[in-house]
Ligand SMILES: [Zn+2]
């Protein structure tokens, strides 16, 4: 869905405006039947407003005084209109156009700047349309069960998968979420498949989306497709979304087809986001050595230097099966 989101949001705004216009028409018809005197006042106000505009530029005797009287008269009539509506059980703006967002008058923009309500719509749209929606119903902290992680140490890992999760990863993540707007940290989750990296990434996404942050989740394959769209089709809206979202989750780094294009553009994306202090969460099934063998030095130096690294331990079948079960 993230392609073409701008059109969808623009449609959301035009639907809101059309709906408001329709409701206004109904309200005015009701007043026309119940309290038509309101419209007499409206007509008088409109006439005086025209007088005011016309006479503002005319050379007439005692202009200031005349204009000031006109303004007072307009104000008095407006008050009278409001009072009349309220006295009859209507809100004072009953016969005026009402906005869901007064700041941008339901256009999404204040001048050329996006209104804060635009982002709320984007989050909603993203939530509603993405495959993520169904995923996040089960992949969230409510369903996170530490018991899936073994208390047995395996291989040469210094701690058990459970200890690793309990003492290092979860406390860090909780803290990260609590301080999310202020933190500048990027996270790199790595370790073998089936250790819960994607599950935890989804938990993080859900938590932040629920708080109104824009989280974009892409697999590394998706992101390469997106970067092609940006590069060859000049999709600025998409670029803007990838660069400016509150958190970009890049899942399964290493599974994409690695080409000159993907390496260059991936580096550019990482670099731009780091320069802009825009947060990322990357996960990979590759160990650090394999990441350095797979990617150029300039990519890995960013990954190892600008990200907080978390190794997910254990190749625990219980984690795999339980997580798998939760996905369904
Ligand atoms: Zn707005």
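The values are calculated or read from the model by the stated rules, or taken from the named source; none is laboratory data. Predicted model, so just to flag it, every value in this text is computed and none were measured. Cβ: placed from backbone, ideal geometry, glycine included. Neighbour counts: every protein chain shown.
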With respect to the numbered conditions (1) under 20 Å from residue 117 (Cα atoms); (2) in contact with a helix residue (DSSP H, G or I) (Cβ under 9 Å, 6 or more places away or on another chain); (3) surrounded by 15 or more Cβ atoms within 10 Å (Cβ to Cβ), which one is the sole condition not fulfilled by residue 17?
-> (2)
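Looking at the stretch 267-298 only, could you name the residues that are over 21 Å from residue 193 (Cβ atoms) and part of a helix (DSSP H, G or I)? If you could, list the steps in order and put the result at the bottom.
Here is the first cut: in the stretch 267-298, the residues over 21 Å from residue 193 (Cβ atoms) are 267-279, 296-298.
Correct list: 267, 268, 269, 270, 271, 272, 273, 274, 275, 297, 298.
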Please work out which residue is farthest from residue 252 (Cα to Cα), limiting yourself to the stretch 161-173 and to residues that are surrounded by fewer than 19 Cβ atoms within 10 Å (Cβ to Cβ) and in contact with a helix residue (DSSP H, G or I) (Cβ under 9 Å, 6 or more places away or on another chain).
-> 166
The stretch 84-114, residues that are at positive phi and either near the ligand (Cβ under 8 Å from one of its atoms) or surrounded by 13 or more Cβ atoms within 10 Å (Cβ to Cβ) (or both) = 105, 106, 108
Among the residues of the stretch 209-232, which ones are in a helix (DSSP H, G or I), in contact with a helix residue (DSSP H, G or I) (Cβ under 6 Å, 6 or more places away or on another chain) and more than 18 Å from residue 262 (Cα to Cα)?
-> 209
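Out of 45, 31, I need the residue that is surrounded by 13 or more Cβ atoms within 10 Å (Cβ to Cβ), modelled with pLDDT of 95 or more, more than 30 Å from residue 122 (Cα to Cα) and over 42 Å from the mean Cα position of the chain (by Cα). Which one?
Working: 31 fails: over 42 Å from the mean Cα position of the chain (by Cα).
Within the list 45, 31, the selection yields 45.
Residues being over 15 Å from residue 250 (Cα atoms) and either touching a residue at least 24 places away in the same chain (Cβ under 8 Å) or crowded, with 20+ Cβ neighbours inside 10 Å (or both): count how many of those fall in the stretch 207-227. So that I can check it myself, show each step before the final result.
Within the stretch 207-227, the first condition is being over 15 Å from residue 250 (Cα atoms), and the residues that meet it are 207-213.
Then drop every residue that is not either touching a residue at least 24 places away in the same chain (Cβ under 8 Å) or crowded, with 20+ Cβ neighbours inside 10 Å (or both), which leaves 207-209, 211-213.
Summing the residues that are over 15 Å from residue 250 (Cα atoms) and either touching a residue at least 24 places away in the same chain (Cβ under 8 Å) or crowded, with 20+ Cβ neighbours inside 10 Å (or both) in the stretch 207-227 gives 6.
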Single match in 162, 153 (criterion: farther than 22 Å from residue 246 by Cα, in a helix (DSSP H, G or I) and more than 16 Å from the ligand (Cβ to nearest atom)) | 162
Looking only at the stretch 188-197, count how many residues are buried (at least 23 other Cβ atoms within 10 Å of the Cβ) and not in a loop (DSSP other than H, G, I, E, B).
-> 3
Among (1) away from the ligand (no atom under 16 Å from the Cβ); (2) in a helix (DSSP H, G or I), which single condition is residue 118 missing?
-> (1)
Which numbered condition residue 33 fails, given (1) touching a helix residue (DSSP H, G or I) at 6+ places or on another chain (Cβ under 8 Å); (2) assigned to a helix (DSSP H, G or I) = (1)
Listed by first then second residue, the pairs whose first member lies in the stretch 87-104 and is within 15 Å of residue 13 (Cα to Cα) and free of Cβ contacts under 8 Å to residues at least 40 places away in the same chain, whose partner is within 16 Å of the ligand (Cβ to nearest atom) and assigned to a loop (DSSP other than H, G, I, E, B), with beta carbons under 6 Å and at least 6 positions apart or on separate chains, are 103/115; 104/115
